[in-house]
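S.K.: Below is the structure I would like to discuss, written out as structure tokens.
Bear in mind that the values in this text are calculations on the coordinates, not laboratory data. Fair warning: this is a prediction, and the values are worked out from it, not measured in the lab. Neighbour counts are summed over all protein chains in view; Cβ atoms, including those assigned to glycine, are modelled from backbone coordinates with ideal geometry.
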Amino acid sequence: MANAIANNTSQSTKKALTHPLMGRKDIAAEYQGLEVKVPIFFRCPISLDVMRSPVSLCTGVTYDRASIQRWIDSGNNTCPATMLPLPSTDLVPNLTLRRLIALWASTAATSSSSSPAPSAVGPTPAAAASELLRQIADPSQDPWPALHKLAAFLSDDDVDEFDKNALARAAGAAETLVSVLRRGRADASVEAAVHVLTVIAASDCIEEDNRKRVATILAADAASSVASLARVLRCGSSLEARIDAARLVESLLRNARQDVKATVAESEEMVCELIRLIGPVDEKDGLDKQAVAVGLSCLATIAGTRRARSEMVRLGAVPAAVRVLATDAGSPSQALRVLEAAVGCAEGRAAICEMADTAIPAVLSKMMKGGMGGAEAGVSVLWAVCHKYRDRRAVDAAAASKGGLTRLLLLMQSGCSPAARQMASELLKMFKVNAKSCLGGYDSKTTHIMPF
């Protein structure tokens, strides 16, 4: 800090308070006439602005993270203030200075005689978040502009993770955003609230406790939350908005109690919209991999609820999952898990066998591409329809699949569970597959050298 003071030659001047959630033009308009004296060591030696995220180099000089990161990313390997070479470019957060800036900002905002209306906020993310949340909660104001600023702030790579988490854990933040979601309509403001909640709930930079807090607030009134998210899935203005809603459902299912999961599973509208999400998204019947991934993740979790399986099958989960496998749209493990759940009920087995010529080859071709979990789910599907219930259509489709049965042999030789190995063995015995015919159908470039 001392070096920063010594090397910063600018004098303390009058400057409008700024914060990271607003553009410079917005600041000039809203805070015109607001002037305070900024302590010289609160300014970044590079940008001369109040530091949002002060970090120190190994030389001891403190800079704003965004400014010094740009300096380093430009290929410079010296300290801008001292011009000394940098043996390390590690950036260490200066938490003491951060707290001093926060204290100064809050004091300046309340004590300045020229401060504007109560909407003025200081340069710290906590103060900015508090003001934006107040605007969002105010029923007389359109919440969309404030929600848009919150989303931009959370998505900005230049913003420090500490600041993003400070916003996420701010008192009443999650509750305010969820209240917008539950307003009973699907408009731009609701979609913006869903997007902000999704960024908090699904971003790696957000701490686990803050992510879980979103799910906790949604679960507090699960029926209302599920209905609101299903409405966005049905009426969302874009595929991105629908994916955001599905990601919130995924977060709710991952972190909520069993009774909340049952509420999601028993919502016919929700299940129907999740199935639609993994279906065609354009006139060419193309599938979107992000939509498929999050939609199947939710459906695979819902399928764990026994009462929901027959309803999922009735709404078309089986052909939707088979289409994902057949078109190589990604997420084979999740698709196989959905089919594994489906064969647990008579309706699911019937649906798979009715399209056996497509479903069985799709399962066989993808079962080794979904990890061990996908492989074991795939063999469970085949064992149920071919061995346990011996549906002739499924048996014929499996026998006709080129190289498919060889995958069962490979599964037996892998580190699968004893139950999966037993099911694969019974299938191989059923088809009376010998080693020669198996290897003939296996597309491999391995050269086998006999010892003699």
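S.K.: Along the Cα→Cβ direction, 7 angstrom out, place labels at Glu354 and Asp49. What is the inter-label distance in nm?
M.R.: It works out to 6.0 nm between the two label points.
S.K.: Can I ask one more? Sorted by mean Cβ packing within 10 Å, highest first, what order do the peptides 315-325, 385-395 take?
M.R.: On the way: 315-325: 23.6, 385-395: 18.1.
Descending packing order for the listed peptides: 315-325, 385-395.
S.K.: I've got another one for you. Figure the gain on full extension for Ser155 and Asp187 (residue separation times 0.36 nm, minus the Cα-Cα span) and round it to one decimal in nm.
M.R.: 9.4 nm
S.K.: Using a Förster distance of 56 angstrom, determine the FRET efficiency expected from the C-beta separation of Lys429 and Asp73, and round it to 0.05.
M.R.: 0.35
S.K.: For an R0 of 45 angstrom, estimate the FRET efficiency from the Cβ-Cβ distance between Arg234 and Leu410 and round to the nearest 0.05.
M.R.: The computed FRET efficiency comes out at 0.60.
S.K.: Report the label-to-label distance for Arg390 and Glu269 in nanometres (one decimal), using points 7 Å from each Cα along the Cα→Cβ vector.
M.R.: So the two model labels end up 4.7 nm from each other.
S.K.: Something else about it: Where the convex hull is taken over the Cα atoms of region 166-320, what is its projected area averaged over directions, in nm²? Write down the numbers at each step before the final one.
M.R.: Working: hull surface 34.8 nm².
For region 166-320, averaging the hull's shadow over all directions gives 8.7 nm².
S.K.: Between Ile40 and Cys58, what is the label-point separation in nm under the 7 Å Cα-to-beta-carbon projection?
M.R.: 2.9 nm
S.K.: Kirkwood hydrodynamic radius (Cα pairs, Å) of region 357-436?
M.R.: 12.2 Å
S.K.: Give the aspartates and glutamates reachable from Lys37 as a straight Cα distance under 16 Å; neighbours fewer than 8 places away on the same chain don't count.
M.R.: Asp49
S.K.: Rounded if a/c is under 1.5, else prolate if a/b beats b/c, else oblate: with a ≥ b ≥ c from the C-alpha gyration tensor eigenvalues square-rooted, which is region 188-269?
M.R.: oblate
S.K.: Continuing with this model, one more query. Go through Lys366/Lys388; Lys164/Lys261; Lys212/Lys261 and tell me which ones have a Cα-Cα distance over 25 Å in this structure.
M.R.: Check vs 25 Å cut-off fails for Lys164/Lys261.
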